[in-house]
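Asks: Take this structure, written in structure tokens, and hold onto it; I'll ask about it next.
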Amino acid sequence: MIMFRLASVAALLVFALGSVYPQTPDAAVKFRLAQSYEQAGNFEDAATLYKELLAKDQSNFVYVDALRRVYMQLKRYDDAIILLKNRLAAAPGDANTRAVLGGVYYKAGNEKGAHAEWNATIASEPANPNIYRIVANIMIENRLLDKTAEVYRKARIACSDPNLFTIDLAQLLAVSMDYTGATTEFLRWLKQNPTQLSFVQGRMATFTGKEEGRIAALDAVHAEIVREENPRLYELLGWLHLEGKNFADALEAYKTLDRITNARGGQIYAFAERAFKEKAFAVAARAYKEAIDMPIAQQRLPYAKYGYACSLKELTTLADTLATFPSGGSEQQSNRYPVTESRPQYSGAIGYFQEIIKEYPRSEFSARSYFQIGMIQFEKYFDLDGALASFQHVEEELPGLAVVQHDVTLTIGDVLTAKGDTAQAAARFARVLNTPTATPDQTDEASYRIAELEYFGGRFQDAIRRLGEITLNLKADYANDALQLLTFLQENTTTAELALREFARADFLARQRKNTEAIPLFLQIIDRYPQALLVDDALMKMASLQAQARMFTDAIASYGRLLSQFKESSIALDIAQFNIGEIYQFGMNDIPNAMKSYEQLLSGFPQSIHATTARKRIRELRGDSL
């Protein structure tokens, strides 16, 4: 921190003062030798050399300070005191030396002597802020934080400057865990420097991550707001609520900020954007709607309307997820298999997107709205023809934006894959792969999707070659997915290619949501190729599909078979155990067995990535307060 770095200021000053005194060549050699002894920890020999140098040049303060350092290392405090007193006899006005002498007294256990020297240092120039800084730095070195705070406050009175040492005192109080006092000082600084809100937030972030620090800061800001309705204070208040994920109170702060700055919804909209990014969709929707109703400035209005529609969509997705059995422990997977009631649930979001399309035709907002409608049709309704029609509208609305077009082309390829039209899907992916305007991530995604099609079609060597190219850059977005599929193909093409071909066909049926065809095929693979390395993968796939088809007893049996038959070899055992718990909890509403399954996960797989969620679920099912 800044205040601790300041402790080195005295040493730098000492060096600067001492360097004005010349050294002879022999003295310079001896000084460097003494320094090397000191750096090596040979303080006795260093002290001998420094003492010899000082004897020949008693006015050189560099030698004085060097000898003091090694005396302190050797705990020869009395020698250090005599050394500094001799220096003071020759230069009685040297405030730095007197303050350092106080530090030596303190380390020697003579607190009374230490404070006497520090008080004398201040008394020498009581209206000089630098004198107080020198003493404060020595006190900080000795961890006298409360005493240092007293020195800073005394300086304000003596120098008739209530804003003196504001940041120093704020950081000192933060380290001392006086969060209210620290915040008060930061607010004092903000009042003097209203453009430095980000700086203040950065410094306060060192303690606002703790609940007690954040509460103390909130109290201090509220107390200041009573005295002054300052926009910066409301910005800080809103930020503090956001730090604590208290979005409702943050919205109220930003509404007041919007009012007193006459922002016409601009501040509320900015908050809505932040809340949406934080996935606080309910309060984001409220904020967007309030900004729209203000109404916000015309140039921002379409952004607010689109944000509101997206918030409605995300809120519906959350409700849909909670009402749907979450397959595989993955929210993303569960969202792809919604309950039949999803259509009316999503009608509000779709209707609002359609209003945006009518109000802002052939614009970025109409294109994005068509895209969102298409994603709902694809992921929530599995209405593939409707999704294709919506995505084609995106292409028509924004023909000039290459990046957007490539994303749409990739998504259309996914829809065509789900339709089983691999030729058209491959053509879409190849279009992105072969265009120079695609981003590296888009190119990798296109290449990965083509590799998937090659895998589905049994062209395993082509898929392996393509996946190997993607994994050359392990930082790429699709590198992990590519590596997983690549490893799966490499280990199974050499050991059970016939089983792999049937597995790929079943996997392709699952991609098309032809679960009634895929499940028997996976079961056939398990029975026909019991020694194949992919049998545990087939069990996982089949169990997931059975759960989605609400064949809960069969799914539990499949996961149980994996846990018993492959307990020494499968890397998915913890996932299987976690999924059993989810089936009992969400699918069958069997709370005792759900808790038992989660407990088995914790006992059998304590390092699992699902362990934290399992603990939380157990507490919720027991009714424990969180």
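The values are calculated or read from the model by the stated rules, or taken from the named source; none is laboratory data. As the structure is a prediction and not an experimental result, all values here were calculated from the model. Virtual Cβ from ideal backbone geometry, glycine too; neighbours counted across all protein chains shown.
Asks: Which residue out of F199, F186 is out of contact with any strand residue (DSSP E or B) (no Cβ under 7 Å at 6 or more places or on another chain) and crowded, with 16+ Cβ neighbours inside 10 Å?
Replies: F186
Asks: Report, by residue number, each residue of segment 113-147 that is under 26 Å from Y179 (Cβ atoms) and outside any helix (DSSP H, G or I).
Replies: N142, R143, L144 - these are the residues of segment 113-147 that are under 26 Å from Y179 (Cβ atoms) and outside any helix (DSSP H, G or I).
Asks: If you don't mind, there's one more thing I want to ask. Just to be sure I understand, how many residues within segment 277-302 are more than 17 Å from F353 (Cα to Cα) and of a type in the set (A, V, I, L, M, F, W, C)?
Replies: Qualifying residue count, segment 277-302: 8.
Asks: Right, another one. Which of the numbered conditions does T417 fail, given that it passes all the others? Conditions: (1) out of contact with any Gly (no Cβ under 9 Å at 6 or more places or on another chain); (2) hydroxyl-bearing (S, T, Y); (3) within 24 Å of E364 (Cα to Cα).
Replies: Evaluating T417 over (1) out of contact with any Gly (no Cβ under 9 Å at 6 or more places or on another chain); (2) hydroxyl-bearing (S, T, Y); (3) within 24 Å of E364 (Cα to Cα) leaves (3) as the failure.
Asks: Mind listing whichever residues of segment 520-557 are at pLDDT 95 or above and of a type in the set (K, R)?
Replies: R528, K541
Asks: Here are some conditions: (1) modelled with pLDDT of 95 or more; (2) outside any helix (DSSP H, G or I); (3) not polar (S, T, N, Q). F353 meets all but one. Which one does it not meet?
Replies: (2)
Each row is one residue, and each column tells you yes or no for (1) surrounded by 13 or more Cβ atoms within 10 Å (Cβ to Cβ); (2) not assigned by TED's automatic domain parsing to the domain that holds L562.
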{"residue": "L474", "(1), (2)": "no, yes"}
{"residue": "Y478", "(1), (2)": "yes, yes"}
{"residue": "D481", "(1), (2)": "yes, yes"}
{"residue": "F503", "(1), (2)": "yes, yes"}
{"residue": "L523", "(1), (2)": "yes, no"}
{"residue": "I526", "(1), (2)": "yes, no"}
{"residue": "Q531", "(1), (2)": "no, no"}
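Asks: Restricting attention to segment 606-618, which residues are under 17 Å from Y584 (Cβ atoms) and either at pLDDT below 95 or surrounded by 16 or more Cβ atoms within 10 Å (Cβ to Cβ) (or both)?
Replies: H610, T613, A614, K616, R617, I618
Asks: Across segment 156-176, what is the total count of residues that are touching a residue at least 12 places away in the same chain (Cβ under 8 Å), closer than 25 Å to A217 by Cβ and either in a helix (DSSP H, G or I) or aliphatic (A, V, I, L, M) (or both)?
Replies: Of the residues in segment 156-176, 11 are touching a residue at least 12 places away in the same chain (Cβ under 8 Å), closer than 25 Å to A217 by Cβ and either in a helix (DSSP H, G or I) or aliphatic (A, V, I, L, M) (or both).
Asks: Within segment 578-594, does at least one residue satisfy the condition of being over 18 Å from T495 (Cβ atoms), free of Cβ contacts under 8 Å to residues at least 60 places away in the same chain, in a loop (DSSP other than H, G, I, E, B) and polar (S, T, N, Q)?
Replies: Checked against the condition, which is being over 18 Å from T495 (Cβ atoms), free of Cβ contacts under 8 Å to residues at least 60 places away in the same chain, in a loop (DSSP other than H, G, I, E, B) and polar (S, T, N, Q), segment 578-594 yields at least one hit.
Asks: For segment 272-287, give me each residue that is of a type outside the set (G, A, S) and under 17 Å from the mean Cα position of the chain (by Cα).
Replies: Matches in segment 272-287: R274, F276, K277, E278, K279.
Asks: Moving to a separate point now. Would it be correct to say that L545 is farther than 20 Å from E454 by Cα, surrounded by 21 or more Cβ atoms within 10 Å (Cβ to Cβ) and in contact with a helix residue (DSSP H, G or I) (Cβ under 8 Å, 6 or more places away or on another chain)?
Replies: yes
Asks: Run down D414, D444 and say which single residue is within 20 Å of D385 (Cα to Cα) and buried (at least 18 other Cβ atoms within 10 Å of the Cβ). Break it down into steps so the answer makes sense when it comes.
Replies: Working: D444 fails: within 20 Å of D385 (Cα to Cα).
Being within 20 Å of D385 (Cα to Cα) and buried (at least 18 other Cβ atoms within 10 Å of the Cβ) holds for just one of D414, D444, which is D414.
Asks: Kindly list, by first and then second residue, each pair from a residue in segment 543-571 that is among the polar types (S, T, N, Q) to a residue that is exposed (fewer than 15 other Cβ atoms within 10 Å of the Cβ), limited to pairs with Cβ atoms under 8 Å and residues at least 6 apart or on different chains.
Replies: S544/Q333
Asks: Output the residue which, of all residues in segment 417-441 that are among the aliphatic types (A, V, I, L, M) and surrounded by 22 or more Cβ atoms within 10 Å (Cβ to Cβ), is modelled with the lowest pLDDT.
Replies: Of the residues in segment 417-441, the ones among the aliphatic types (A, V, I, L, M) are 418, 423, 425-427, 430, 432-433, 438.
So of that shortlist, the ones also surrounded by 22 or more Cβ atoms within 10 Å (Cβ to Cβ) come out as 425, 432, 438.
On the way: A425: 98, V432: 96, A438: 93.
Per the stated criteria, the residue is A438.
Asks: Before we move on, is Y71 in contact with a helix residue (DSSP H, G or I) (Cβ under 7 Å, 6 or more places away or on another chain), of a type in the set (F, W, Y), in the same structural domain as D26 (by TED's automatic domain parsing) and in contact (Cβ under 8 Å) with a residue 40 or more places away in the chain?
Replies: Judged against the criteria, Y71 is not a match.
Asks: Another question about this same structure. Given the conditions (1) of a type outside the set (K, R); (2) in a helix (DSSP H, G or I); (3) free of Cβ contacts under 8 Å to residues at least 24 places away in the same chain; (4) assigned by TED's automatic domain parsing to the domain that holds V415, and given that Q461 satisfies all but one, which numbered condition is not satisfied?
Replies: (3) is the only condition that Q461 fails.
Asks: Which pairs do you get when a residue that is free of Cβ contacts under 8 Å to residues at least 40 places away in the same chain and more than 16 Å from K541 (Cβ to Cβ), found in segment 482-498, comes within reach of a residue that is surrounded by 17 or more Cβ atoms within 10 Å (Cβ to Cβ) and of a type in the set (S, T, N, Q), reach meaning Cβ atoms under 6 angstrom, with the pair 6+ apart or on two chains?
Replies: A482/T471; L483/T471
Asks: If I filter segment 473-483 for residues that are in contact with a Leu (Cβ under 7 Å, 6 or more places away or on another chain), closer than 24 Å to A425 by Cβ and not polar (S, T, N, Q), do I get at least one hit?
Replies: Scanning segment 473-483, I find at least one residue that is in contact with a Leu (Cβ under 7 Å, 6 or more places away or on another chain), closer than 24 Å to A425 by Cβ and not polar (S, T, N, Q), so the answer is yes.
Asks: When you scan segment 357-443 for helices (runs of 4 or more DSSP H) that lie fully inside it, which ones turn up with 2 or more residues that are assigned by TED's automatic domain parsing to the domain that holds F456?
Replies: Values: elements: 364-375, 384-397, 402-419, 422-433.
Hits in segment 357-443: 402-419, 422-433.
Asks: Buried (at least 17 other Cβ atoms within 10 Å of the Cβ), touching a Leu at 6+ places or on another chain (Cβ under 7 Å) and either in a helix (DSSP H, G or I) or of a type in the set (A, V, I, L, M) (or both), is that true of Y234?
Replies: For Y234, the condition - buried (at least 17 other Cβ atoms within 10 Å of the Cβ), touching a Leu at 6+ places or on another chain (Cβ under 7 Å) and either in a helix (DSSP H, G or I) or of a type in the set (A, V, I, L, M) (or both) - is met.
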